[in-house]
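Peer 1: Before we start, here is the structure in question, set down as structure tokens.
The values are calculated or read from the model by the stated rules, or taken from the named source; none is laboratory data. These numbers were taken from a predicted model, which means no experiment stands behind them. Note that each Cβ is placed from the backbone with ideal geometry, even for glycine, and that neighbours are counted across all protein chains shown.
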Amino acid sequence: MKTHNYATAINWTGNTGKGTQNYTEYKRDYSISAEGKTEIAGSSDPAFRGDPTRYNPEELLLASLSSCHMLWYLHLCAEAGVIVTTYSDNATGIMTETANGSGKFTEVTLHPTVTVSESTMVEKANNLHKKANEFCYIANSCNFPIHHKPVCIAKKN
């Protein structure tokens, strides 16, 4: 069995001078970095006093699921002779907050829109989403259902 190791760094940038002395006195801002890569500006969701111009952990989870699925899907299409010319996704997720303030995602839905080069590829292209979900590392790490509502369009008939 192969293993792969990953490392990221988080740096809280929200100290306004008093640290966490008071719940309302600090910002939820942080930066995400990894060696040799562009920094990502993060914060909490605005519902939790975060900066709406920065990515929040919930959005990053959706992006991780969506991008992992896409990369597996493109790989499987290439192997199956399905020529994808465009791919986009508008992932949505539901997180339920509990009475004590904790919470969890209860489901995510991916909405990939795929264009293939020939109409004869549409059925196979649609079927490959199921296999991509089975292979997706991030989906396999989640304890909630991940649904798929793909749309496939043929560039030519």
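Peer 1: Select, from A139, A125, the only residue that is surrounded by 16 or more Cβ atoms within 10 Å (Cβ to Cβ), modelled with pLDDT of 95 or more, within 18 Å of the chain's Cα centre (by Cα) and not charged (D, E, K, R).
Peer 2: A139
Peer 1: Okay, next question. Counting only residues that are of a type outside the set (A, V, I, L, M) and part of a helix (DSSP H, G or I), how many does segment 127-144 have?
Peer 2: Number satisfying all stated conditions: 9.
Peer 1: If you don't mind, there's one more thing I want to ask. Quick check on segment 21-41: of everything there that is modelled with pLDDT of 95 or more and of a type in the set (V, I, T), which residue is surrounded by the most Cβ atoms within 10 Å (Cβ to Cβ)?
Peer 2: The qualifying residue surrounded by the most Cβ atoms within 10 Å (Cβ to Cβ) is I32.
Peer 1: Oh, and also: Could you tell me which residue of segment 78-96 is surrounded by the most Cβ atoms within 10 Å (Cβ to Cβ), considering only residues that are of a type in the set (V, I, T) and more than 13 Å from K149 (Cα to Cα)?
Peer 2: V82
For every residue, the table says whether it meets (1) surrounded by 18 or more Cβ atoms within 10 Å (Cβ to Cβ); (2) modelled with pLDDT of 95 or more; (3) more than 25 Å from S33 (Cβ to Cβ); (4) in contact with a Ser or Thr (Cβ under 7 Å, 6 or more places away or on another chain).
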{"residue": "L60", "(1), (2), (3), (4)": "no, yes, no, no"}
{"residue": "A63", "(1), (2), (3), (4)": "no, yes, no, no"}
{"residue": "M70", "(1), (2), (3), (4)": "yes, yes, no, no"}
{"residue": "L76", "(1), (2), (3), (4)": "yes, yes, yes, no"}
{"residue": "T98", "(1), (2), (3), (4)": "no, no, yes, no"}
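Peer 1: Surrounded by fewer than 17 Cβ atoms within 10 Å (Cβ to Cβ), more than 25 Å from I32 (Cβ to Cβ), more than 13 Å from the chain's Cα centre (by Cα) and among the hydroxyl-bearing types (S, T, Y): is that true of T53 in this structure?
Peer 2: Against the criterion (surrounded by fewer than 17 Cβ atoms within 10 Å (Cβ to Cβ), more than 25 Å from I32 (Cβ to Cβ), more than 13 Å from the chain's Cα centre (by Cα) and among the hydroxyl-bearing types (S, T, Y)), T53 does not qualify.
Peer 1: Residue by residue through segment 44-69, note down the ones that are under 19 Å from F144 (Cβ atoms), in contact with a strand residue (DSSP E or B) (Cβ under 9 Å, 6 or more places away or on another chain) and not acidic (D, E).
Peer 2: N56, P57, L60, L61, L62, A63, L65, S66, S67, H69
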